[in-house]
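Here's the structure, in structure tokens; my notes come after.
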Amino acid sequence: MPEPLATLTDRLYADYQPGLTHADIDQVIQQCRADLAGTPPAMLPELLERLARQRLADHHENATSLN
């Protein structure tokens, strides 16, 4: 995994544990990255983090509401 993505995974892991593993977060990041294909490279890091955070927050909210 490229260094910026590994750093992003670590930051998100710190924010969304317990409950999600590094592998869970990495999977979300990879899907977000694919969804953002064609995004100008200069904008990709910020948009990738925002989209990943939103998806993880949605996942967390859905999981919490089920309990």
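The values are calculated or read from the model by the stated rules, or taken from the named source; none is laboratory data. Keep in mind it's a predicted model, so treat the numbers as computed, not measured. No Cβ is skipped: glycine too gets one built from the backbone with ideal geometry, and neighbour counts run over all protein chains shown. Accessible surface areas use protein heavy atoms only, side chains included; no ligands, DNA or RNA. Shrake-Rupley method; radii C 1.70, N 1.55, O 1.52, S 1.80 Å.
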Members of the stretch 8-42 found to be of a type in the set (Val, Ile, Thr) and under 11 Å from the mean Cα position of the chain (by Cα), listed by number:
9, 25, 28, 29
All positions within the stretch 31-56 that are among the polar types (S, T, N, Q) and open to solvent by 80 Å² or more (accessible area, probe 1.4 Å)
31, 54
Here the residues within the stretch 28-62 that are closer than 15 Å to residue 10 by Cα, in contact (Cβ under 8 Å) with a residue 40 or more places away in the chain and not small (Gly, Ala, Ser) are 45, 48, 49, 53, 56
Search result, residues across the stretch 27-48 that are closer than 14 Å to residue 59 by Cβ and in contact with a Ser or Thr (Cβ under 8 Å, 6 or more places away or on another chain):
29
